[in-house]
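Student: Before anything else, here's the structure in question.
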């Protein structure tokens, strides 16, 4: 549209983990005088740096991986000095409260261990994804860093790795079986957020009023626990439900 001022991206997207070509989008934005903004919470600065691909502003939910301990609420905006100065001088008072000193300290504490935690989330997610792909009760797995992903080449171009968040689809549309799967999990907690130390599960059918074909889509956050504990928990819940 002629009046477009901002292109807002999330790459990858939540639940379906679709990627956008950041170079193509940023080039389009610059050619039209449109600012580009991306939510980079999933990949974190450890695995993706959108500004290197021409994106103007990068936002993070600091409540997730930056904080890393599920004990703080906050957000981050990063960009050029010019853009950040403009936000600070003209706009930030309209975007909500600023963090209190203790919240800022908690986020800083988390950032200090980000480079240690993210590889564990990544390794656990990759291993669980690969094992789930081999399970006959799983229709498909959605994780962009898998070689089987239809966007794997774009993922490798833009990211050095991935986070602990991914989805898979059970081979059933029976809501009772889906509930039984979730309720059979012992180590994966039911929660809508992610990015902390713990492993979480969030069924698509719970967060969407009309899930349609995605009724059996399950989102998993692979935490920092031992991989065999997490794998056995998932496999046991699948056997119990399906």
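The values are calculated or read from the model by the stated rules, or taken from the named source; none is laboratory data. In this text, all values refer to a predicted model and were calculated from it rather than measured experimentally. Neighbour counts are summed over all protein chains in view; Cβ atoms, including those assigned to glycine, are modelled from backbone coordinates with ideal geometry.
Student: So residue 24 passes all but one of these: (1) part of a helix (DSSP H, G or I); (2) touching a helix residue (DSSP H, G or I) at 6+ places or on another chain (Cβ under 6 Å). Which condition number does it fail?
Tutor: (2)
Student: Quick check: anything in the stretch 85-94 under 30 Å from residue 33 (Cα atoms), assigned to a helix (DSSP H, G or I), free of Cβ contacts under 8 Å to residues at least 40 places away in the same chain and touching a strand residue (DSSP E or B) at 6+ places or on another chain (Cβ under 9 Å)?
Tutor: First, the residues of the stretch 85-94 that are under 30 Å from residue 33 (Cα atoms): 85-94.
Add one more test, that the residue is assigned to a helix (DSSP H, G or I), and what stays is 85-94.
In the following step, the residues that additionally are free of Cβ contacts under 8 Å to residues at least 40 places away in the same chain were identified as 85-94.
Checking which are touching a strand residue (DSSP E or B) at 6+ places or on another chain (Cβ under 9 Å) leaves us with 87, 92.
Looking through the stretch 85-94, at least one residue is under 30 Å from residue 33 (Cα atoms), assigned to a helix (DSSP H, G or I), free of Cβ contacts under 8 Å to residues at least 40 places away in the same chain and touching a strand residue (DSSP E or B) at 6+ places or on another chain (Cβ under 9 Å).
Student: Within the bounds of the stretch 164-180, is there any residue that is crowded, with 21+ Cβ neighbours inside 10 Å, out of contact with any helix residue (DSSP H, G or I) (no Cβ under 9 Å at 6 or more places or on another chain) and over 18 Å from residue 64 (Cβ atoms)?
Tutor: No, there is no match, as no residue in the stretch 164-180 is crowded, with 21+ Cβ neighbours inside 10 Å, out of contact with any helix residue (DSSP H, G or I) (no Cβ under 9 Å at 6 or more places or on another chain) and over 18 Å from residue 64 (Cβ atoms).
Student: Here's something else I'd like to know. Among the residues of the stretch 124-154, write down those that are assigned to a helix (DSSP H, G or I) and surrounded by 16 or more Cβ atoms within 10 Å (Cβ to Cβ). First the steps, then the outcome.
Tutor: Step one: filter the stretch 124-154 for residues assigned to a helix (DSSP H, G or I), giving 124-133, 152-154.
124, 125, 126, 128, 129, 131, 132, 154 - these are the residues of the stretch 124-154 that are assigned to a helix (DSSP H, G or I) and surrounded by 16 or more Cβ atoms within 10 Å (Cβ to Cβ).
Student: Restricting to the stretch 1-21, what's the tally of residues that are touching a strand residue (DSSP E or B) at 6+ places or on another chain (Cβ under 7 Å) and in contact (Cβ under 8 Å) with a residue 60 or more places away in the chain?
Tutor: Adding up the residues that qualify gives 4.
Student: In the stretch 208-242, which residue that is exposed (fewer than 13 other Cβ atoms within 10 Å of the Cβ) and modelled with pLDDT under 95 is nearest to residue 72 (Cα to Cα)?
Tutor: Among them, the one singled out is 209.
Student: Counting only residues that are modelled with pLDDT under 95 and either out of contact with any helix residue (DSSP H, G or I) (no Cβ under 9 Å at 6 or more places or on another chain) or surrounded by fewer than 12 Cβ atoms within 10 Å (Cβ to Cβ) (or both), how many does the stretch 1-21 have?
Tutor: Summing the residues that are modelled with pLDDT under 95 and either out of contact with any helix residue (DSSP H, G or I) (no Cβ under 9 Å at 6 or more places or on another chain) or surrounded by fewer than 12 Cβ atoms within 10 Å (Cβ to Cβ) (or both) in the stretch 1-21 gives 4.
Student: Would you be able to say whether some residue in the stretch 26-33 is outside the structural domain of residue 222 (by TED's automatic domain parsing), touching a strand residue (DSSP E or B) at 6+ places or on another chain (Cβ under 6 Å), surrounded by 15 or more Cβ atoms within 10 Å (Cβ to Cβ) and more than 25 Å from residue 141 (Cβ to Cβ)? It would help to see each step written out before you state the result.
Tutor: Within the stretch 26-33, the first condition is being outside the structural domain of residue 222 (by TED's automatic domain parsing), and the residues that meet it are 26-33.
Subset that is touching a strand residue (DSSP E or B) at 6+ places or on another chain (Cβ under 6 Å): 26, 29.
Still in the running and surrounded by 15 or more Cβ atoms within 10 Å (Cβ to Cβ): 26, 29.
From what's left, more than 25 Å from residue 141 (Cβ to Cβ): 26, 29.
Yes; the residues of the stretch 26-33 include at least one that is outside the structural domain of residue 222 (by TED's automatic domain parsing), touching a strand residue (DSSP E or B) at 6+ places or on another chain (Cβ under 6 Å), surrounded by 15 or more Cβ atoms within 10 Å (Cβ to Cβ) and more than 25 Å from residue 141 (Cβ to Cβ).
Student: Shifting gears a bit: Condition test on residue 52, is it without any contact (Cβ under 8 Å) to a residue 12 or more places away in the chain and either buried (at least 20 other Cβ atoms within 10 Å of the Cβ) or not in a loop (DSSP other than H, G, I, E, B) (or both)?
Tutor: When the stated conditions are applied, residue 52 passes them.
Student: Further, regarding this structure: Name the residue that is farthest from the chain's Cα centre (by Cα), counting only residues in the stretch 97-123 that are closer than 25 Å to residue 48 by Cβ and not in a helix (DSSP H, G or I).
Tutor: Ranking the qualifying residues of the stretch 97-123, first place goes to 99.
Student: Having 3 or more residues that are touching a residue at least 40 places away in the same chain (Cβ under 8 Å), assigned by TED's automatic domain parsing to the domain that holds residue 131 and under 16 Å from residue 126 (Cα atoms) is the bar; report the strands (runs of 3 or more DSSP E) wholly within the stretch 159-242 that clear it. Explain how you work it out, then say what you get.
Tutor: Details: elements: 165-170, 200-203, 217-221.
Those strands (runs of 3 or more DSSP E) span 165-170, 217-221.
Student: Then there is this: So which residues in the stretch 27-49 are in a loop (DSSP other than H, G, I, E, B) and farther than 25 Å from residue 67 by Cβ?
Tutor: 33, 34
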